[in-house]
Every structure is written in C-alpha cells, then in structure tokens.
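These notes are about the structure you will find just below.
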Amino acid sequence: SGPPSPAAVAADGAAHGWSRLPRLARLYVCSVGALGALAVGTALPALAGEHWKILGVLLLLALPASTLTVSFSHNVSTLTVCQVLDYLALLLLGPREAVLVAAVGGWAQCTLGSRHRNPVHMTVFSVSTLAIAATAAGGVYVGLGGQPGAWHWSSAEGPFVAATTVFFLFNSGLIAAAIGLSTAQSTIRVWCETFIWTWPGYLLGASVAAAAVISLNEGRVWPVLFLAIPMVVTFQNLRAYVQRINDAATDGLTELANQRAILSTTSREISRAKRQNANLAVLLIDVDEFKTINDTY
C-alpha cells in the first residue's frame, strides 16, 4: 500500500493542461515544485554517503514497486507498494535517503506506471509533493527522538507513528489543495472524499517496514521474505475490493457511470455552481430503439 497518486491531480476535469489551470493553481503548483526541488537538492549528498549501496538498492526497487498500484476508476486516489520503501529508507538510513527514494518512486509512478504521458508540470508536482512529505516526516521522526539505523520499539514507536501521520497529511493535503484550486472545490471536501480512506494503507505500509527493520536489526533475514506474502495478499485483496466498488458505480456494458455515480457527481457540481454563482446545464440524451441495442449486445 502507498500514497495517493499525485499524478492524478489533473484527472478531476479542469487541469488537463497547464494553460487551463487557474492562475492561483499555477502559482500553487510552481511553489510546491520549488519547495520540492529544494528538498531533493538538500537530500542529494546522501548519494555519496556511507550507505550509498543500500540507498542504491532501494532506489532501484522503487522503480518496479511504483508500478504496482490500485486505482479507483472514478477517483483520483491511487495506492502503491512503493511507500514501504520510503519508510524503510527513513528507518534504516535517514530522512535525506527517504526523500530520494520517495522522489524516484513518484517520478517512476508518473512515467513507468502511467498508461499515458503525463504533462511535465504534473510529474514535477508529483515528485515535489512526495519529497516535501518525506522531508516533513523525516524531520518529525528525528525531532521526536527517532534514530535511523538504530531501531528500538520502545523509543521509536511514537516518533515513527508521528512521522507516518505527517507523511499522510502532507502528501494528501498538498494534492487535495491542488485539486481544489484547479476545480474550484473546497480543499477539505476533496480531501475527505478522495484521500481520507487511504489512511489504513499508510498504516499497513508503515507496519510492514517496521517489522522488516526489526528483523534486520536482529540479524534474521528470513522473516523479511515472509513479510512479502501478507503484503502481496493484502494488495490483491485491496485490488479486488476496489474493483467491486468500481463495478458498483459503473455500467458493465458501456463502462459509463451508473445512476449512483451520476447522482453523486451531480450533487458535487450543483454545490460548485452555487459557490461560483455560475450556471449549470444538464444534457439528456435519448437513443431511439435502445431495446434493439440491448437485445443485440
């Protein structure tokens, strides 16, 4: 399990291109991009650190891990396995290494794990949100007494839970704000409807990473291999669960939104029109002799 996909920021309808973004949204994306570049630049010296070999392995693993995702068809939120590696980098190596692993995972998810080529500003925003979230989480972990590479459950439990929470809030909050600014929606509403459900995924990823670090510190490598089994099973179960949710909101024949999804979308669009004091049109399309189509297909 992992973070929601920052690459899906534009999927809500108004942000398909840079020129179509509202001015305030463009300013926000640029600001996040600048902060993300600063976070990555500050973390780059870790590539020449004493643990560069372990960091290199985690960076390489982030490439395939970022492509293992679970997505909602009518939602911009995505879960990825790559977040476990982010936590491992933080616990084993430190905040700077975690920033680099998160950034590489975000880039890979937007390029290797995407069916369509994402605009440059979306990729930059994706990498930046993860880099900022990892920087904040690493600062909280170390600030509260967590020591990378020296895991002790009694002293590291509190800092790690706090770091996981901060990572979740920063990552999802930055994306929700971008969607809200791009589509004239309330950021809080976007966050509650789109990202709050992903919190258990963050906890699962953090738990797997902590268990792996404990096993490695005790010199037992084999338990780490067994951790992959529940991880894969949970991932597949979540994918099946998401598919059922998609089926409940989608017509199986046309793959269009069904009545339940349409009513939910209509309610959101009416609220948006009221906030903007704008007109709202509803287009009804009727197909003649549709019974013939049903009988045939």
Original post:
Going highest first, how would you order 267-278, 168-179 by mean Cβ packing within 10 Å?
Top reply: 168-179, 267-278
Original post:
Ranked highest first by the average count of other Cβ atoms within 10 Å around their residues, in what order do 185-192, 93-100 fall?
Top reply: 93-100, 185-192
Original post:
Ala248: net charge of surrounding residues, Cβ under 14 Å, Lys/Arg +1, Asp/Glu -1, itself excluded?
Top reply: -1
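Taken together, the values in this text are just the output of simple stated rules run on the coordinates, not laboratory data. For clarity, every value in this text was computed on a predicted model and none was experimentally measured. A quick note on method: Cβ atoms are made from the backbone with ideal geometry, for glycine too, and the neighbour counts reach across all protein chains shown.
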